[in-house]
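Visitor: This is the structure I have questions about; it appears just below.
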Amino acid sequence: MVDVKEELPQTFSVKYLGWREARGLWGVKHTRKPVDSMVAAAKTPGATPLTMMSLLVTTEGCTLYSPNSRKPFPIETISYGVQDLVYTRVFCMIVVRDAGDTRNPFECHGFVCESRTSARRLTYCLATAFADYSARVRGSGGHGTRVWDPPKFAVDLRTPEELRADIRADSEA
């Protein structure tokens with residue numbers, strides 16, 4: 001496991017790809033199809049160009065700022081974050097909209113970062129936010145106010161190359 005702790009808060013310049021339903025709580029297997037779909041939609045001829053926005057990462061979660069709006073992603077609703085292994089400038093995260101929802105409650109949100117390094121740093125920042133949240137939950141002796149159960153979350157800190165090797169090993173088994 002990589003032990004990297006980023007200073008928070010940090011702001012990243014991103015282009016918001018949007019969101020698609022995800023089929024599970026965490027893992028690249030649940031972000032692959034949504035990210036492919038979002039990237040394909042963004043590349044479609046005639047698609048509305050993606051605009052630059054700011055994504056603020058704090059110990060409380062992530063907030064996406066556009067010129068006219070603000071979209072918060074509270075830390076207790078984020079279950080997973082990863083730098084995409086195909087589109088290495090893309091950072092994505094799975095958000096649980098409502099665990100009691102009878103429909104699929106998982107959303108995969110995608111962001112195009114300025115560089116591969118920026119996507120990696122964003123992943124590390126979310127890991128730092130998760131670590132802080134986990135410490136607060138342990139300190140309170142409870143499970144916090146997560147909207148989903150079990151109270152677990154994951155940030156995949158493996159590089160895209162390491163993720164590809166792991167996927168290849170799983171498919172050969």
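The values are calculated or read from the model by the stated rules, or taken from the named source; none is laboratory data. Predicted, not measured: the structure shown is a model, and the values here were computed from it. Note that we place each Cβ from the backbone using ideal geometry, even for glycine, and neighbour counts take in every protein chain shown. Accessible surface is based on the protein model in full, side chains and every heavy atom, while ligands, DNA and RNA are left aside. Shrake-Rupley method; radii C 1.70, N 1.55, O 1.52, S 1.80 Å.
Visitor: Would you point out the residue of the stretch 102-122, among those that are touching a residue at least 60 places away in the same chain (Cβ under 8 Å) and not in a strand (DSSP E or B), that is surrounded by the most Cβ atoms within 10 Å (Cβ to Cβ)?
Guide: Just the residues of the stretch 102-122 that are touching a residue at least 60 places away in the same chain (Cβ under 8 Å), to begin with: 104, 106-114, 118, 121-122.
Among the residues that remain, those that are also not in a strand (DSSP E or B) are: 104, 114, 118, 121-122.
Values: N104: 11, E114: 13, S118: 18, R121: 19, L122: 23.
Within the stretch 102-122, the match that is surrounded by the most Cβ atoms within 10 Å (Cβ to Cβ) is L122.
Visitor: Determine which single condition F130 fails, assuming it passes every other condition in (1) in a helix (DSSP H, G or I); (2) touching a helix residue (DSSP H, G or I) at 6+ places or on another chain (Cβ under 6 Å); (3) among the aromatic types (F, W, Y).
Guide: (2)
Visitor: For the stretch 64-101, which residues satisfy the criterion of being within 22 Å of K33 (Cβ to Cβ), among the polar types (S, T, N, Q) and not in a strand (DSSP E or B)?
Guide: Once the filter is applied, which keeps residues that are within 22 Å of K33 (Cβ to Cβ), among the polar types (S, T, N, Q) and not in a strand (DSSP E or B), the stretch 64-101 yields T77, T88.
Visitor: Answer yes if at least one residue in the stretch 139-146 is surrounded by fewer than 21 Cβ atoms within 10 Å (Cβ to Cβ) and either touching a His at 6+ places or on another chain (Cβ under 7 Å) or at pLDDT 85 or above (or both), and no otherwise.
Guide: Looking for residues that are surrounded by fewer than 21 Cβ atoms within 10 Å (Cβ to Cβ) and either touching a His at 6+ places or on another chain (Cβ under 7 Å) or at pLDDT 85 or above (or both), one finds none in the stretch 139-146, hence no.
Visitor: Could you list all residues from the stretch 9-49 that are in a loop (DSSP other than H, G, I, E, B) and either surrounded by 16 or more Cβ atoms within 10 Å (Cβ to Cβ) or on the phi > 0 side of the Ramachandran plot (or both)?
Guide: Looking only at the stretch 9-49, we keep the residues that are in a loop (DSSP other than H, G, I, E, B), and these are 9, 22-27, 31, 44-49.
Across the stretch 9-49, the qualifying residues are A22, L25, W26, G27, T31, G46.
Visitor: Shifting gears a bit: Could you look through the stretch 128-138, keep only residues that are open to solvent by 40 Å² or more (accessible area, probe 1.4 Å) and not aliphatic (A, V, I, L, M), and pick out the one that is nearest to T59 (Cα to Cα)?
Guide: Keep residues of the stretch 128-138 that are open to solvent by 40 Å² or more (accessible area, probe 1.4 Å), which gives 131-132, 135-136, 138.
Add one more test, that the residue is not aliphatic (A, V, I, L, M), and what stays is 132, 136, 138.
Details: D132: 6, R136: 10, R138: 15 Å.
Taking the candidates together, the pick is D132.
Visitor: Output the residues belonging to the stretch 71-90 that are surrounded by 17 or more Cβ atoms within 10 Å (Cβ to Cβ) and of a type in the set (A, V, I, L, M, F, W, C).
Guide: F73, I75, I78, V82, L85, V90 - these are the residues of the stretch 71-90 that are surrounded by 17 or more Cβ atoms within 10 Å (Cβ to Cβ) and of a type in the set (A, V, I, L, M, F, W, C).
Visitor: Which one of the conditions (1) at pLDDT 70 or above; (2) open to solvent by 40 Å² or more (accessible area, probe 1.4 Å); (3) in contact with a Leu (Cβ under 7 Å, 6 or more places away or on another chain) does C125 fail to meet, given that it meets all the rest?
Guide: (2)
Visitor: State yes or no: is D156 modelled with pLDDT under 90, among the acidic types (D, E) and either touching an Asp or Glu at 6+ places or on another chain (Cβ under 9 Å) or under 27 Å from T51 (Cα atoms) (or both)?
Guide: Details: modelled with pLDDT under 90: yes; among the acidic types (D, E): yes; either touching an Asp or Glu at 6+ places or on another chain (Cβ under 9 Å) or under 27 Å from T51 (Cα atoms) (or both): yes.
Yes.
Visitor: Quick check, is G81 within 15 Å of G110 (Cα to Cα) and out of contact with any Lys or Arg (no Cβ under 9 Å at 6 or more places or on another chain)? Spell out how you get there, then give the answer.
Guide: Details: within 15 Å of G110 (Cα to Cα): yes; out of contact with any Lys or Arg (no Cβ under 9 Å at 6 or more places or on another chain): yes.
Here the answer is yes, as G81 does meet what is asked.
Visitor: May I ask you to verify whether N68 is over 18 Å from S54 (Cα atoms) and surrounded by fewer than 21 Cβ atoms within 10 Å (Cβ to Cβ)? Even if it seems obvious, please write down each step before you answer.
Guide: Working: over 18 Å from S54 (Cα atoms): no; surrounded by fewer than 21 Cβ atoms within 10 Å (Cβ to Cβ): yes.
It is false that N68 is over 18 Å from S54 (Cα atoms) and surrounded by fewer than 21 Cβ atoms within 10 Å (Cβ to Cβ).
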